[in-house]
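Nothing in this text is a laboratory measurement; each read-out follows from the coordinates by a stated rule. Predicted model only: the values in this text are computed from it and were never measured. Virtual Cβ from ideal backbone geometry, glycine too; neighbours counted across all protein chains shown.
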Amino acid sequence: MPFLLPSPITALAATLFDRLFGEPRRLHPLVGFGRWAMVIEKILQRHAPAHPLACRFIGLLAWVLAVVPWLALAVWLRTQWPLIVDVLLLYFALGGQSLAEHAEAVATPLAAGKLEQARESVARMVSRDTAALDAHGVARAGVESVLENGNDAVFGALFWFIVAGGPGALLFRLANTLDAMWGYRTPRYLHFGWAAARLDDLLNYLPARLTALSYALLGQTRSALACWRTQASAWDSPNAGPVMASGAGALGLVLGGYASYQGSSELRPPLGCGALPVAADIRRAIILVQHTQWLWLALYAAWSIAGA
């Protein structure tokens, strides 16, 4: 059976499912995948050699064993029920509604002056220490998370769906999940998680830059492009840098600066230009992500019709 190009209708259906139902509250497939990956890690880490290159190979093997069986199953299922599989896989890969809900759980108490509640909510979105954040710090963390996760939870999945249908969206989401599990520069994962981090960077390279361009087009364009050009390369992540610099410039906000991780303070490069973020800017960031998603769907539909 020849490869069936995904349809904009299936992308729209999956987007509407995500908007209506959000992520599954129970029996989420990614929870099961995470447990599967933990079993593989436990087995292979137990026998991982000390040599860095050998440990990297073991990490790559773990990535293949975790991802390829589910990807192969998705490809086979798509040959049987292409439309249903495409809709379901993209729906499971998208996290736009969940991102909006988490962001609103920060913005609402922050706007009401309930700083402690806002700190607790933003702690569910970011890995930094949040107990001592002031109102601007909470808002900054929320905006940064929304902009970065707009790419990780929405646009990366959409990009790979357009390229390779439901299996493409699944590949991206599983790779992103393994990066979140293994892609740390800690003694345990420095070499074992190297493949997971690099493969996620590779799959994210084009989506991140298209996301950055889209943020710029839908916001303060000149400022966003200037921030992307001058600030993105200073950020640790080659993909988060363009996304967050462009998003900050598009919103007219200053992000970056000091952040504490496990008690250690870190000065991160500045992103954007303009005002310090407040509670309302978290909602502005969500609106930017949502408008960008509709832009991508409209362009995908126009491209599909033009090529028909």
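For the chain, what's the relative contact order in percent, using C-alpha pairs closer than 8 Å and at least 6 residues apart?
Reported relative contact order: 20 percent.
Roughly how far apart, in whole Å, are the Cα centres of the stretch 119-157 and the stretch 1-74?
Cα centroid of the stretch 119-157 versus Cα centroid of the stretch 1-74: 24 Å apart.
At q = 0.11, 0.16, 0.20, 0.24 Å⁻¹, what log₁₀ I(q)/I(0) does the stretch 1-70 have when each alpha carbon counts as one equal point scatterer in the Debye sum?
Treating every Cα as an identical point scatterer, log10 I(q)/I(0) equals -0.50, -0.78, -0.88, -1.01.
Between Asp129 and Val163, what is the FRET efficiency for a Förster distance of 41 Å, r being their Cβ-Cβ separation, to the nearest 0.05?
The computed FRET efficiency comes out at 0.60.
Report the calculated FRET efficiency for Ala298 and His28 (r = Cβ-Cβ distance, R0 = 45 Å), to the nearest 0.05.
With a Förster radius of 45 Å, E is 0.95.
Comparing Ser223, Ser233, Ser127, which has the greatest mean-square fluctuation in the GNM of the chain with Cα pairs linked when under 10 Å apart?
Of Ser223, Ser233, Ser127, the most mobile in the Gaussian network model is Ser127.
So if I place +1 on the C-beta of Lys and Arg and -1 on the C-beta of Asp and Glu, and nothing else carries charge, what would the dipole magnitude of the stretch 8-307 be about its Cα centre? I want it in debye, nearest 20.
The calculation lands at about 320 debye.
Please label the shape of the stretch 145-197 as rounded, prolate or oblate, based on the square roots a ≥ b ≥ c of the eigenvalues of the alpha-carbon gyration tensor (a/c under 1.5 means rounded; beyond that, a/b larger than b/c means prolate, else oblate).
In terms of gyration-tensor shape, oblate.
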